[in-house]
Amino acid sequence: MDIFLQLLLSGLLLGGVYGLLSLGLTLVFGVTRIVNFAHGEFVMLGMYLTYFLWQLGFDPYLAAPVVFFACFAVGVVTQHLLLRKTLTMPHLVQVFVTLGISVVMQAGAQLLFTSNFYFVRPSYGNAMVEIGNIRLPLTTIIAAVLALIGTALVHLFLKKTHTGAAIRATAQDPYAANVVGIEIKTVYAVTFGVGIGCAGLAGALLAPIYPVYPTVGLAYSLISFVVVVLGGLGSLPGALIGGLVVGLLETFSAYYISPEAKEATYFTIFIIVLLLRPAGLLGLRGSETMGANH
Amino acid sequence: MDQVLLQINDLHVAYGELRVLQGVSLQVKAGELVSLLGGNGSGKSTTQKTILGFVRPTSGQILFEGERLDTLSIPEIIRKGITMVPEGRRVFPFMAVRENLLLGAWVRRNERAELKHDLERVLELFPILRTRLNQLAGSMSGGEQQIVAMARALMMRPKLVLMDEPTMGLAPKLVDEVLELIQTVNRNGIAVLLVEQNARTALGFTDRAYVLERGRLVIEGPSKDLLTNERVRSAYLGELSQA
Ligand SMILES: Nc1ncnc2c1ncn2[C@@H]1O[C@H](COP(=O)(O)OP(=O)(O)O)[C@@H](O)[C@H]1O
Ligand SMILES: [Mg+2]
């Protein structure tokens, strides 16, 4: 029973971070209709940034907001320079552009940082929190709490600010958004920035738990794709729910099957969902839900 | 009320190779209700989109209260006093009516106190929306959505509203209701440039009308004169020519 509770809590905590990670991917898709194959590479970027800030003496969790805004800026610039012109082009063009970004970022990381594993190890890095017979790493708890706060802030931003309203309006009907005078080019850039910011922030929260290396993004791209397919492409609540489900599955399969079963588990879920419920758990309402549920 | 609000001179518009407008000149005076008629694909929507700044003309001029519009952005044009009720209503389906209306004043989003007044004024014009403010626009009927779209366009206190086929797809009873609301809007001193499929309806209640055919204006004049015009009768009113 204790083992079960331990796995359950670990899975939910991990899932909270996956939720934030996938929120970025689903938001970008919901608004701009771009499937960002470089999403995981921006997690990698966030992890490296956290690593270097930590080396400079920053606590990784204090670095996290800095990483968010840095990645936000990177996202805005990337959208402006590389993706803006592709918005009216066939989807395949966008796929290739984001794949290209992913390859370049991996190669760049390899060049700059070598393929060594880097570890972020704050003094409390190995601390455990005990609740009864359950022991959980402090870093995982902090990561989950901050990820949930980040997720809540993104939702508030979308719901309560003028820019958030413009983003939701554009997701629901870009033409109508244009008609009322919303500059949808700006909306696309800001949305991409927020999406990449979420990826980077997730990276900052994962850095004290997992090592960073140039190809680490592949795993995170895979996770966020599974989550987003599970939760429904473009659905914001779906990202959190899907994140929790994948976090649980990963934790339980690692314990009961084998730690190496992780990727096989993702793909199995991926295929089962696509077969049984291609629209995801919450149904494929895509971007449209962006107005309804929050 | 004779002051010219919108003046279009020799407007040419093309989508790539396709020349859609080929020398359109028209005028809307302050407070006027003008209809723009024409068959499918004759360029009516393009004319309206060009006025609002969606599409850039290849040549020609658009003047609003004497100022050039054709180099301004959409928000700048909206700020000058032109808004649009687009074809197909295009409300934001997963937003409440209130949020739809407030987005109509997006360009003035920071003027909080005034927006409250504008919302109140618009609700006085469209009282049926008052009890629906929290309803999702997408859950409303076509007629109700049309009213939301018109109300949204009025939130900017426009001097001219471009309406593109506002009665399309509505049941006859609702058509009358929407037409009445257009007249209510117009009686409040707002000029309307109305694109309407049903020529008889449009000519029955507008002041003047223009007829577009393949990107050129072929007939223009007071609407009641067009009702008896031979060419209009045979081509747009479904009546066999007597001649
Ligand atoms: N975005 C566009 N790109 C290319 N051609 C277009 C576009 N919009 C309209 N057209 C073409 O321009 C012509 C006029 O269209 P439109 O102004 O919508 O006509 P109407 O509103 O009178 O039916 C049509 O031949 C239409 O196919
Ligand atoms: Mg049209």
If we ask which residues in the stretch B:19-45 are within 11 Å of ligand 1 (Cβ to nearest atom), more than 21 Å from B:L203 (Cβ to Cβ) and either among the hydrophobic types (A, V, I, L, M, F, W, C) or crowded, with 19+ Cβ neighbours inside 10 Å (or both), their number turns out to be 2
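Which one of these is within 14 Å of another protein chain (Cβ to nearest Cβ), among the small types (G, A, S) and more than 12 Å from ligand 1 (Cβ to nearest atom): B:G16, B:G53? Before the answer, list the steps.
Details: B:G16 fails: more than 12 Å from ligand 1 (Cβ to nearest atom).
Criteria check complete, one pass: B:G53.
Can you find, within the stretch B:200-217, the residue that is surrounded by the fewest Cβ atoms within 10 Å (Cβ to Cβ) among those that are closer than 19 Å to B:T46 by Cβ and away from ligand 1 (no atom under 13 Å from the Cβ)?
B:A202
So, of the residues in the stretch B:56-79 that are assigned to a loop (DSSP other than H, G, I, E, B) and of a type in the set (S, T, N, Q), which turns out to be farthest from ligand 1 (Cβ to nearest atom)? Explain how you work it out, then say what you get.
Of the residues in the stretch B:56-79, the ones assigned to a loop (DSSP other than H, G, I, E, B) are B:56-58, B:65-66, B:69-73.
Right, trim to of a type in the set (S, T, N, Q) and you get B:58, B:71, B:73.
Working: B:T58: 13, B:T71: 20, B:S73: 18 Å.
By that ranking, first place goes to B:T71.
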Residue count, the stretch B:80-101, condition in a helix (DSSP H, G or I) and more than 8 Å from every other protein chain (Cβ to nearest Cβ), comes to 5
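To keep it simple, each residue is scored yes or no on (1) of a type outside the set (A, V, I, L, M); (2) modelled with pLDDT of 95 or more.
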| residue | (1), (2) |
| --- | --- |
| A:T78 | yes, yes |
| A:F96 | yes, no |
| A:A107 | no, yes |
| A:L112 | no, yes |
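Can you tell which of B:I77, B:I62 is within 11 Å of chain A (Cβ to nearest Cβ) and more than 16 Å from ligand 2 (Cβ to nearest atom)? Show your work before the answer.
Numbers: B:I62 fails: within 11 Å of chain A (Cβ to nearest Cβ).
Going through B:I77, B:I62 in turn, just one is within 11 Å of chain A (Cβ to nearest Cβ) and more than 16 Å from ligand 2 (Cβ to nearest atom): B:I77.
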inquiry  = Quick check on the stretch B:211-232. Is at least one of its residues touching a residue at least 24 places away in the same chain (Cβ under 8 Å) and on the phi > 0 side of the Ramachandran plot?
reply    = yes
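Outside any loop (DSSP other than H, G, I, E, B), among the small types (G, A, S) and crowded, with 22+ Cβ neighbours inside 10 Å: is that true of B:A235 in this structure? Give the derivation first.
Numbers: outside any loop (DSSP other than H, G, I, E, B): yes; among the small types (G, A, S): yes; crowded, with 22+ Cβ neighbours inside 10 Å: no.
Spelling it out, it is not the case that B:A235 is outside any loop (DSSP other than H, G, I, E, B), among the small types (G, A, S) and crowded, with 22+ Cβ neighbours inside 10 Å.
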Next on the checklist: Just checking, does the stretch A:118-134 include any residue being in contact (Cβ under 8 Å) with a residue 12 or more places away in the chain and under 19 Å from the mean Cα position of the chain (by Cα)?
Outcome noted: no
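Can you list the helices (runs of 4 or more DSSP H) lying wholly within the stretch A:129-198 that have 1 or more residues being modelled with pLDDT of 95 or more and away from chain B (no Cβ under 11 Å)?
Working: elements: A:138-160, A:162-172, A:174-179.
In the stretch A:129-198, the matching helices (runs of 4 or more DSSP H) lie at A:138-160, A:162-172.
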When restricted to B:R130, B:R98, B:R90, B:R152, the only residue within 30 Å of B:I8 (Cα to Cα) and without any contact (Cβ under 8 Å) to a residue 60 or more places away in the chain is B:R90
Note on the stretch B:66-117: residues buried (at least 17 other Cβ atoms within 10 Å of the Cβ), modelled with pLDDT of 95 or more, within 20 Å of the chain's Cα centre (by Cα) and among the acidic types (D, E) are B:E87
From the option list A:G57, A:G15, A:G19, A:G24, single residue qualifying as of a type in the set (G, A, S) and surrounded by fewer than 20 Cβ atoms within 10 Å (Cβ to Cβ) is A:G57
Within the stretch B:50-59, residues crowded, with 23+ Cβ neighbours inside 10 Å and within 13 Å of ligand 2 (Cβ to nearest atom) come out as B:T50
Among strands (runs of 3 or more DSSP E) entirely inside the stretch B:129-228, those with 2 or more residues being within 14 Å of another protein chain (Cβ to nearest Cβ) and within 16 Å of ligand 2 (Cβ to nearest atom) are B:160-164
Of (1) within 16 Å of ligand 1 (Cβ to nearest atom); (2) more than 15 Å from B:I82 (Cβ to Cβ); (3) surrounded by 18 or more Cβ atoms within 10 Å (Cβ to Cβ), B:M163 fails just (2)
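A:T268 - would you say it is surrounded by fewer than 16 Cβ atoms within 10 Å (Cβ to Cβ), under 17 Å from the mean Cα position of the chain (by Cα) and at pLDDT 80 or above? Steps first, answer last, please.
Working: surrounded by fewer than 16 Cβ atoms within 10 Å (Cβ to Cβ): yes; under 17 Å from the mean Cα position of the chain (by Cα): no; at pLDDT 80 or above: yes.
No, not satisfied.
The values are calculated or read from the model by the stated rules, or taken from the named source; none is laboratory data. It should be emphasised that the depicted structure is a prediction, and the values quoted were computed from it without experimental measurement. Heads up, the Cβs are rebuilt from the backbone with ideal geometry, glycines too, and the neighbour counts pull from every protein chain shown.
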